[in-house]
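A short worksheet on the structure shown next.
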Amino acid sequence: MRIRRAVPEDAALLARLNPYVHSLHVESRPDIFQGTPDVERLTARFAEQLRQDTARIFVAELPDLPDLPDGGAAGYAGATVHHRPADVLLNADSFIALDQIVVVPAAKRLGVAGALLEAVREAGRKEGCRRMVTDVWDFNEGARSFYEAAGFRPMKRLLEQPL
């Protein structure tokens, strides 16, 4: 397996991989997530992300595994580095926020998500971050289990109430 930092030319690849996780979100929360996104607009969104100095996006490749798209693309992880100064209420903080991990079905259970998670951890360490944070939708039991097994612990809870 090869994990590499995504480059601007990967925007279209990321857009093609995104539906593997986006469809789960749409299925579970169609009130929040739009259906199949326009590929050109999604590619532009990823291109913009990749231009941000704080973005850390990694691509996992398994070139020898058949049935993977784009010559072995197994998934990606996206994260953002945050350096927050102290203010009247909060201490200064540096952390990396894991936004998303996507693994294509043919590459599940092969260590792809764990390798991508470690790439994000290492990126955070290199940036001087003291911790990594992520959030997970309550409906996504697989992701919750993965993150808990990887050592994540609850930090706060986001609650909602329909009006």
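The values are calculated or read from the model by the stated rules, or taken from the named source; none is laboratory data. Here the structure is a predicted model, which is why all the values come from computation and not from measurement. Glycine gets a Cβ as well: all are built from the backbone with ideal geometry, and neighbour counts include every protein chain shown. In case anyone asks, the SASA skips ligands and DNA or RNA and just uses the protein heavy atoms, side chains included. Shrake-Rupley method; radii C 1.70, N 1.55, O 1.52, S 1.80 Å.
Comparing Q161, N18, H82 along the charge dipole axis of the chain, the residue lying farthest to the positive side is H82, per the Cβ-charge model.
Accessible surface area normalised per residue over the chain is 65 Å², counting heavy atoms of protein chains with a 1.4 Å rolling probe.
Only helical runs count toward this figure. For the chain, summing -39,500 (n - 2.57) over DSSP H runs of n ≥ 4 and dividing by all residues gives -10000 deg cm²/dmol at 222 nm. Amide H contacts of A74: A60, E61, L62, each under 5 Å away and 5 or more positions distant or on a separate chain (H built 1.01 Å from N in the peptide plane; Pro and chain starts excluded). Each of H25 and L65 was given a label point 7 Å from its Cα along the Cα-to-Cβ line. The distance between the two points is 2.2 nm. Surface composition of region 96-160: carbon plus sulfur atoms hold 50% of the accessible area, using a 1.4 angstrom probe and ignoring ligands, DNA and RNA. Per-residue 3J(HN,Hα) values for region 81-87, derived from phi via the Karplus relation 6.51 cos²θ - 1.76 cosθ + 1.60 with θ = phi - 60°, read 8, 10, 10, 10, x, 5, 9 Hz in sequence order (x marks Gly and Pro). Using a probe of 1.4 Å, the accessible surface attributed to I57 totals some 10 Å² when neighbouring protein chains are kept in position.
Around the amide H of S94, modelled in the peptide plane, lie the amide H atoms of R84, R130, all under 5 Å away and 5 or more residues distant in sequence or on another chain. Compute the distance from the alpha-carbon center of region 67-122 to that of region 1-58, in whole Å. Value for the Cα centre distance between the two parts: 12 Å. Computed about its Cα centre, the charge dipole of region 107-163 is approximately 240 debye, with only Lys, Arg, Asp and Glu carrying charge at their Cβ.
For Cα extents along the principal axes in Å, computed directly from the structure shown, the correct entry in [x] 53, 43, 32; [y] 46, 35, 30; [z] 77, 36, 29 is [x]. Quick one: go through region 113-151 and flag any residue whose amide nitrogen is under 16 Å from the point 7 Å out along the Cα-to-Cβ line of A92. Under cut-off, by backbone N: 127-131.
Counting only Cβ charges, +1 for Lys and Arg and -1 for Asp and Glu, the dipole size of the chain around its Cα centre is about 540 debye.
Couplings 3J(HN,Hα) for region 122-136, derived from phi with the Karplus relation 6.51 cos²θ - 1.76 cosθ + 1.60 (θ = phi - 60°), are 5, 4, x, 4, 4, 8, x, 6, 9, 7, 10, 10, 8, 10, 9 Hz, where x marks Gly and Pro.
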